Amino acid sequence: MVKVILDNITKRFDDFAALKGVTLEITDKEFMALLGPSGSGKSTLLYTIAGIYRPTSGRIYFDDRDVTDVPPKDRNVGLVFQNWALYPHMKVFDNIAFPLELRKFPKEEIAKKVKEVAEMLRIETLLNRYPWQLSGGQQQRVAIARALVKEPDVLLLDEPLSNLDALLRLEVRAELKRLQKELGITAVYVTHDQAEALAMADRIAVIKEGEILQVGDPDEVYYKPKYRFVGGFLGSPPMNFLDAEVQDPYLDVYGNRILIPIQYRELVKKLGVRKVILGFRPHDAEVVRGVAEGLVGTVYSFEPLGREQIVTVSVNGASLKVFAPEGEHFTFGEQVTVKLREDRIILFDKKTEKALEFLEE
Ligand SMILES: Nc1ncnc2c1ncn2[C@@H]1O[C@H](COP(=O)(O)OP(=O)(O)OP(=O)(O)O)[C@@H](O)[C@H]1O
Ligand SMILES: [Mg+2]
């Protein structure tokens, strides 16, 4: 049970900078998701916390202890690798027991702890099998059990659910979230799956090209994205973006005039910005028939999802996705208006793609 502090961490591989000054504090017992696209540096950062990589510069602290030069085995971290290599010649029991054998725990205690953790992960009936006799999902759970059995201070998970089918993923992610809180372990969870990060984490750190763009709880990063990238990476479908031009007190959006959202009126004046990007989430708008106040366009497509449907509306060449209730029937090409929920609109600076409220940071 510790707090993890990353202080201006850089990591270079030859002349390539995989991490470019990462500063992040993960509080005691927190579930932190590291979310970013492939190649953004997630695994590199995780292995740096584990001690497998030494940072090129910067320091790492577990509580007040500087662990930057401490080898992995003395950090008491549990690590589940992206490719969860189990020892192929060992049965499941011995795979899980291995970290305790290394520490010379007494036999009875090992048996007890392995049983406990296997029950938690519902693999207690598999202890006598070899890894090749397990499904991918079972292997993944054995890898998690092996990381948990030594009761680590910090649990580091690198895409641990990537090999599970969609249903099992949902089930295990709920279990893992509960387990982490029950055990009270500080956890860092690497994923490129935004839904997983939103569902599991206390806070999410969004990483892109070796830099953390935003850290916040799921609501914050979802509703208050600091960058266009964050709004476009979270949510399914993600945020809609439209180029807009300030013509105080209006925004010109592809030939439509809408009032500058009330929360931005002062700021737009103060900053004197002209070219902006208007962002809104598919749930924060509605599609109404005919021409009304809002963004006028035509129905390009519609996709029923059960309880609701996604309507794609074409507005002077721009394509928007908006949720609509299940019962409503649309036809291809019909004229509609997308009405935006004003308080949920985010305006980004066109040049830096940063939300206006963070522009002066
Ligand atoms: N040992 C290494 N030597 C050279 N370059 C590396 C090394 N490890 C990682 N990189 C590079 O650093 C960048 C970040 O890699 P990393 O594995 O951290 O990405 P990731 O976010 O985990 O991606 P993924 O989601 O695909 O696993 C990539 O461009 C990668 O090619
Ligand atoms: Mg990775």
Could you tell me which residue of the range 59-89 is farthest from the chain's Cα centre (by Cα), considering only residues that are open to solvent by 20 Å² or more (accessible area, probe 1.4 Å) and of a type in the set (A, V, I, L, M, F, W, C)? Val70
Go over the candidates Thr27, Thr48 one by one and state the one that is within 16 Å of ligand 1 (Cβ to nearest atom) and in the same structural domain as Pro218 (by TED's automatic domain parsing). Thr48
Does at least one position in the range 150-166 carry a residue that is away from ligand 1 (no atom under 16 Å from the Cβ), surrounded by fewer than 23 Cβ atoms within 10 Å (Cβ to Cβ) and assigned to a helix (DSSP H, G or I)? yes
Could you grab me the full set of residues in the range 338-361 that are open to solvent by less than 70 Å² (accessible area, probe 1.4 Å) and more than 16 Å from Gln214 (Cα to Cα)? Val338, Leu340, Arg344, Ile345, Leu347, Asp349
Mind listing whichever residues of the range 25-58 are away from ligand 2 (no atom under 13 Å from the Cβ), open to solvent by 10 Å² or more (accessible area, probe 1.4 Å) and on the phi < 0 side of the Ramachandran plot? Glu25, Thr27, Asp28, Glu30, Arg54, Thr56, Ser57
Which of the residues spanning the range 53-71 are under 29 Å from Val230 (Cβ atoms), more than 10 Å from ligand 1 (Cβ to nearest atom) and out of contact with any Gly (no Cβ under 9 Å at 6 or more places or on another chain)? Pro55, Thr56, Arg59, Tyr61, Phe62
Entirely in the range 209-286, the helices (runs of 4 or more DSSP H) that have 3 or more residues that are within 29 Å of Gly36 (Cβ to Cβ) and open to solvent by 10 Å² or more (accessible area, probe 1.4 Å): 218-223, 228-233
Does the range 59-89 hold any residues that are within 16 Å of ligand 2 (Cβ to nearest atom) and within 18 Å of Tyr189 (Cβ to Cβ), and which are they? Leu79, Val80, Phe81, Gln82, Asn83, Trp84
Within the range 190-208, residues being assigned to a helix (DSSP H, G or I) and within 16 Å of ligand 2 (Cβ to nearest atom) number 3
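Listed here are the residues, each with its yes/no results for (1) touching a residue at least 40 places away in the same chain (Cβ under 8 Å); (2) under 20 Å from Val2 (Cα atoms); (3) in the same structural domain as Leu34 (by TED's automatic domain parsing).
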| residue | (1), (2), (3) |
| --- | --- |
| Lys177 | yes, yes, yes |
| Gly184 | yes, yes, yes |
| Ile207 | yes, no, yes |
| Asp219 | no, no, yes |
Of everything in the range 194-221, what is within 16 Å of ligand 1 (Cβ to nearest atom) and under 28 Å from Lys150 (Cα atoms)? Give them in sequence order. Glu196, Ala197, Ile204, Ala205
Conditions: (1) more than 16 Å from ligand 2 (Cβ to nearest atom); (2) closer than 24 Å to Gly36 by Cβ; (3) touching a Leu at 6+ places or on another chain (Cβ under 8 Å). Val154 meets all but one. Number of the miss? (3)
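The values are calculated or read from the model by the stated rules, or taken from the named source; none is laboratory data. Just so we're clear, the structure is a prediction, and the values are computed from it rather than from any experiment. Ideal geometry is used to build each Cβ from the backbone, glycine not excepted, and the neighbour counts take in all protein chains shown. These area figures cover heavy atoms from the full protein model, side chains too; ligands, DNA and RNA do not enter into them. Shrake-Rupley method; radii C 1.70, N 1.55, O 1.52, S 1.80 Å.
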